Amino acid sequence: MKNYENIIELLNATERERYQFKEAKDRYDFTEAVKCCCALSNCGGGKLVLGITDLRPRKVVGSKAFDQPERTRNGLIDKLRIRVDFQLYEYESKRVLVFEVAGRPTGLPIQVDGIAWWYVGDSLVPMPQEVLRDIYSEIGHDFSSDVCHDAIIQDLDVSAIEAFRAKWAEKSGKSRVKNLSVEQLMIDCGAISDNGVTYAALIMFGTRSALGKYLPQSEIVFEYRSSEASGPAQQREEFRVGFFACYDRIWELINLRNDIVPPIKYWTNHAA
């Protein structure tokens, strides 16, 4: 539970598209919460506040909605595929629940069942087609095709390249792939060009040292939790190498958690 300063800040909030206030004294419909959070994300991110009135002067009325906010948060993330956090506040013995929603990614509107919701003033409406077109047009240059001028072919992991070669040959059915030199293989798949090694090549095949030098933010993290409870993961592995250098290990970790559940047989007794 947080202090009074946070409540005062909410009561005085002025950006309507970034804040949505709902009394929700007893409950609040999850489907409506998903739509609200979708619209907040499409408007740049914001907060869904439960337990405070919308009309000014705002008042804290308290909310009993979503008594397991961590589970609700996970549900919102599952529906929206964006970052959602929550905070609980207490003001004069009244509970206030706030979900904070990240803004949408560049070039990608957030959608719920095929509809991108957003706010026009206080109204929750489907996003107009012209706005959708503007968002899709935000996608600019793909940096992965750029050449990393300091990188050389020796910065690529040969074992990762060979793993890729085997999968490409299997998928394409082209036996010639098996006989190409490493450099020609990389040229043929577009990983390197006449100008040098691309960032895509580093992402797919880069050694640990090369990634640390040229793409220090590049990392794959696997976490496993058997429940929705917060806290450290039961298993966590970090990979700071090219994708094809850890591809098999990632799938191994995933398959370890794909438990086989036998089908349930139902028997019906029929009276004679």
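Side notes on the structure shown:
- Residue in segment 145-167 that is modelled with the lowest pLDDT, counting only those that are within 14 Å of Asn195 (Cα to Cα) and in a helix (DSSP H, G or I): Ser145
- Of everything in segment 119-166 that is free of Cβ contacts under 8 Å to residues at least 12 places away in the same chain and of a type in the set (Asp, Glu), the residue that is surrounded by the most Cβ atoms within 10 Å (Cβ to Cβ) is Glu162.
- A search for C-beta distances below 9 Å between a residue of segment 64-84 that is without any contact (Cβ under 8 Å) to a residue 40 or more places away in the chain and any residue that is charged (D, E, K, R) and part of a helix (DSSP H, G or I), counting only pairs 6+ apart in sequence or on different chains, returns Phe66/Arg73.
- Segment 5-118 holds strands (runs of 3 or more DSSP E) entirely within its bounds, and those carrying 1 or more residues that are farther than 30 Å from Asp134 by Cβ and basic (Lys, Arg) map to 94-101.
- Of all residues in segment 1-15, those satisfying the criterion of being surrounded by 10 or more Cβ atoms within 10 Å (Cβ to Cβ), within 28 Å of Ser123 (Cβ to Cβ) and either β-branched (Val, Ile, Thr) or at pLDDT below 70 (or both) are Ile7, Ile8, Glu15.
To keep it simple, each residue is scored yes or no on (1) within 16 Å of Tyr119 (Cβ to Cβ); (2) out of contact with any helix residue (DSSP H, G or I) (no Cβ under 6 Å at 6 or more places or on another chain).
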{"residue": "Gly45", "(1), (2)": "yes, yes"}
{"residue": "Leu48", "(1), (2)": "yes, no"}
{"residue": "Gly62", "(1), (2)": "no, yes"}
{"residue": "Gly75", "(1), (2)": "no, yes"}
{"residue": "Asp85", "(1), (2)": "no, yes"}
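- Annotation: Leu88 fulfils all but one of (1) over 21 Å from Ala229 (Cβ atoms); (2) in contact with a strand residue (DSSP E or B) (Cβ under 8 Å, 6 or more places away or on another chain); (3) among the aliphatic types (A, V, I, L, M); the unmet one is (1).
- Scan of segment 4-23 for residues that are of a type in the set (A, V, I, L, M, F, W, C) and more than 22 Å from Asn42 (Cβ to Cβ), ordered by number: Ile7, Ile8, Leu11
- Any chance Ser209 is outside the structural domain of Gly75 (by TED's automatic domain parsing) and at pLDDT 90 or above: yes
- Residue selected from segment 122-147 under the condition of a type in the set (A, V, I, L, M, F, W, C) and within 27 Å of the chain's Cα centre (by Cα), by the criterion nearest to Leu215 (Cα to Cα): Phe143
The values are calculated or read from the model by the stated rules, or taken from the named source; none is laboratory data. Predicted model only: the values in this text are computed from it and were never measured. As a convention, Cβ positions derive from the backbone with ideal geometry for all residues, glycine included, and neighbour counts pool all protein chains shown.
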